[in-house]
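Working notes for the structure below.
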Amino acid sequence: MIHSTELTILMVEDNPGDQFLLEELLLSSGIKIRELFTVESIKQAHEVLKSEAVDIILLDLSLPDSFGINSFTSIRENAGYTPIVILSGVSDMNTALDAITLGAQDYLIKGDFDEKLLSKTILYSIERMNNLQALQESNERYDLVSKATNDMVWDLNLQTGEVYRNPEGWKKIFKTDYNPIQFGSEEKWVKQIHPSEREDVIKKINQFKENPSFQQFELEYRFLRADGDYAYLQDRGYIIRNEQGKAVRFIGATQDITPRKEAERILKESEEQYRYLFENNPAAIIIWSLKDFTVLEINESTEKHSGYKREDLKGKSILTVGLAERVELVHGLAEKALKDKSFRETHITRIISKWGDKIYIEFVSHRIDYMGMPCIMALGNNVTERVMLEKQLEAERVKAQKEMTNAVISAQESERQEIGRELHDNINQILASARLYLGLGKTAGDSQSLYLGKSDELIQSAIDEIRTLSHSLIPPTLSEGHLKDNLLQLFENVASGIGTTIYHNMTELEEQFMEDNFKLAIYRICQEQFNNITKYAKANTINFYLGNRNGNLELSIKDDGIGFDKAKKSNGVGLMNMKTRAALFNGTIEINTAPGKGCELVVQFKLPVLEQIPAK
């Protein structure tokens, strides 16, 4: 047996012949010797031990200054953990065995060993002492640990099956006093292990015993406590073996890991729930690194929306796989997220699917820590239909706004033309006639009063016409209760102007709940329709209704006039003006007419109108 480490050997032997023989055996044993100290007395041995670090001591018990077991105990006091091998004669056998009991590692009978046995004895003695030293240090540490922590130190003698368990540690774990009769053997302990784990634990213990390659071990299992519940225990131990490699002792510590196991269970359930929510979330979820933009994880919805599989995206840059149409926006988002640990932002972006489709996704991006690095977790919903609809609605809104603007402008121009015609064709002619009579009156002599009287009548007529025109232009007073009054005045003017009969019903109208601008819109619609009837309908009777009907506010104006073809007159300025006013208050207009069948205008406003009136 050859040992690679050089050894320092102290030989305590007073017989020159034995010294020479032992030196020769050492030289031929193959042991590498750094230095060999040979002394003849205990005193000289003590001096060497004080100044030198010795690996092993070969001790003869019969010395000039000491004899027998005293030689060993004297050296033992200063040897520390240095192993001692007794060199014994046949007559010293009993003493040598006593020395073994007191701590000597081995003994050799002089003249009865060769270089191989010497080498084996020396190396095994060093190894055993190292193991013993480690064991003692370990026991000391375990004693301290058992006092400072909740661990329970134990020592299992495999030859007897008896187990020592630290009572303090036991009480900390099991909350009861230790009963060595109940738990003082390996067999009794094993019976308390959970039935589903017992066989596996026994199998592992046997493996540790039988396989010399195991020096340390670790076990986890559930153990039945006195209260009937199972505690999760963890055993960590060291295996002591004899020279043949057979396990003779297990020394270790038991720790209650129930809180850890419970935390692991909760964490596992949480992770499983997170994974389930992650994979089954209808929103597309992408996790990417803020450091290098690498895609770390996606869920099934992302695959569904984008067409990309996990292997297409994971490990690749989000900037290059089609998920970021505008790279500068991603860089800006990453820059803000790196500065703010609580970063959260909602934005709509357009991505390119694997099929080449452009898809609008609304992402809610959060900064998270994932796999030890700052990342963005983006939850996205496909809003392509919504975006396209919004664009369509915006286009329609712009179109409607243009139509409304054109209608207002057309109405204004039409109104100007009407005012111009009224001033030119009517009022201007009346004033011109009055001026003519005034001119005739200047030269009429006795007939002057006749011409002046005629001029006065014409001027009064012009004043009346101007007043009528002004009333049609100036908004009526529509405070509480005045919409009905103004409509009645409108009915009177129309009836007297064209000689028609108007039947009206406003008993179900509650105008006290209506805003003035809404009342004005209704009045202008009525005014516009009655103006149309006056000009074109040739009606004899008109039926008017304004009130609540079928949950709506309804306005109905029906005449028995000549009617018209809607296909030919569907986009007139007057009709567009009425539609514009109704639309401002979410109203709809319907016209029912045909040639020779009269005409009915129906306007519906959804109640409550007040909640839908635009802010002033």
Residue list for the stretch 557-603, restricted to those being of a type in the set (D, E, K, R), surrounded by 13 or more Cβ atoms within 10 Å (Cβ to Cβ) and not in a loop (DSSP other than H, G, I, E, B): Lys558, Asp559, Lys579, Arg581, Glu600
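I'd like the full set of residues that are among the charged types (D, E, K, R) and under 25 Å from Leu135 (Cβ atoms), limited to the stretch 66-111.
Our first condition is that a residue be among the charged types (D, E, K, R); within the stretch 66-111, this holds for 76-77, 92, 98, 106, 110.
Within the stretch 66-111, Arg76, Glu77, Asp98, Asp106 qualify.
Would the stretch 59-76 turn up any residue that is assigned to a strand (DSSP E or B), in contact (Cβ under 8 Å) with a residue 24 or more places away in the chain and of a type in the set (A, V, I, L, M, F, W, C)? Walk me through it before giving the result.
From the stretch 59-76, those assigned to a strand (DSSP E or B) are 59-60, 62-63, 66-67; that's our starting set.
From what's left, in contact (Cβ under 8 Å) with a residue 24 or more places away in the chain: 59-60, 62-63, 66.
Checking the rest, the ones that are also of a type in the set (A, V, I, L, M, F, W, C) come to 59, 63.
There is at least one residue in the stretch 59-76 that is assigned to a strand (DSSP E or B), in contact (Cβ under 8 Å) with a residue 24 or more places away in the chain and of a type in the set (A, V, I, L, M, F, W, C).
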Out of everything in the stretch 74-101 that is among the polar types (S, T, N, Q) and open to solvent by 50 Å² or more (accessible area, probe 1.4 Å), what residue ends up being farthest from Asp55 (Cα to Cα)? Ser91
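Could you tell me whether any residue of the stretch 112-129 is outside any helix (DSSP H, G or I) and either among the hydrophobic types (A, V, I, L, M, F, W, C) or open to solvent by less than 60 Å² (accessible area, probe 1.4 Å) (or both)?
Just the residues of the stretch 112-129 that are outside any helix (DSSP H, G or I), to begin with: 112-114.
So of that shortlist, the ones also either among the hydrophobic types (A, V, I, L, M, F, W, C) or open to solvent by less than 60 Å² (accessible area, probe 1.4 Å) (or both) come out as 113.
The answer is yes, given that some residue of the stretch 112-129 is outside any helix (DSSP H, G or I) and either among the hydrophobic types (A, V, I, L, M, F, W, C) or open to solvent by less than 60 Å² (accessible area, probe 1.4 Å) (or both).
Tell me, yes or no, whether the stretch 485-495 has at least one residue that is modelled with pLDDT of 85 or more, out of contact with any Leu (no Cβ under 7 Å at 6 or more places or on another chain) and over 21 Å from Asn532 (Cβ atoms). Lay out the reasoning, then the answer.
Filtering the stretch 485-495 down to residues modelled with pLDDT of 85 or more leaves 485-495.
Right, trim to out of contact with any Leu (no Cβ under 7 Å at 6 or more places or on another chain) and you get 485, 487-495.
Those still in the list that are over 21 Å from Asn532 (Cβ atoms) too: 485.
Checked the stretch 485-495: at least one residue is modelled with pLDDT of 85 or more, out of contact with any Leu (no Cβ under 7 Å at 6 or more places or on another chain) and over 21 Å from Asn532 (Cβ atoms).
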Any pair with Cβ under 8 angstrom, 6 or more apart, that starts in the stretch 207-222 at a residue that is farther than 26 Å from Thr258 by Cα and ends at one that is modelled with pLDDT of 90 or more and part of a helix (DSSP H, G or I): Phe214/Gln207; Phe214/Phe208
Only unsatisfied item for Lys336, checking (1) open to solvent by less than 60 Å² (accessible area, probe 1.4 Å); (2) without any contact (Cβ under 8 Å) to a residue 12 or more places away in the chain, is (1)
Here are the criteria: (1) surrounded by 11 or more Cβ atoms within 10 Å (Cβ to Cβ); (2) in a helix (DSSP H, G or I). Tell me which single one Glu272 does not satisfy. (1)
Considering only the stretch 227-241, how many residues are among the hydroxyl-bearing types (Ser, Thr, Tyr) and in contact with a helix residue (DSSP H, G or I) (Cβ under 7 Å, 6 or more places away or on another chain)? 2
Is it the case, given these coordinates, that Ser62 is among the hydroxyl-bearing types (Ser, Thr, Tyr), open to solvent by 80 Å² or more (accessible area, probe 1.4 Å) and either farther than 13 Å from Leu102 by Cα or modelled with pLDDT of 90 or more (or both)? no
Have a look at Ile318, Ile298, Ile287 and point out the one that is out of contact with any helix residue (DSSP H, G or I) (no Cβ under 8 Å at 6 or more places or on another chain) and closer than 18 Å to Leu379 by Cα. Ile287
Out of Glu47, Glu23, sole residue that is without any contact (Cβ under 8 Å) to a residue 12 or more places away in the chain, more than 60 Å from the chain's Cα centre (by Cα) and not in a strand (DSSP E or B): Glu47
Residue that is more than 18 Å from Phe278 (Cβ to Cβ) and at pLDDT 90 or above, where the choices are Glu325, Glu335: Glu335
Residues of the stretch 347-384 being in a strand (DSSP E or B), open to solvent by 30 Å² or more (accessible area, probe 1.4 Å) and within 14 Å of Val295 (Cβ to Cβ), which ones? Tyr370, Met373, Met377
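The values are calculated or read from the model by the stated rules, or taken from the named source; none is laboratory data. Predicted model, so just to flag it, every value in this text is computed and none were measured. Note that we place each Cβ from the backbone using ideal geometry, even for glycine, and neighbour counts take in every protein chain shown. The accessibility values were calculated without ligands, DNA or RNA, using every heavy atom of the protein model including side chains. Shrake-Rupley method; radii C 1.70, N 1.55, O 1.52, S 1.80 Å.
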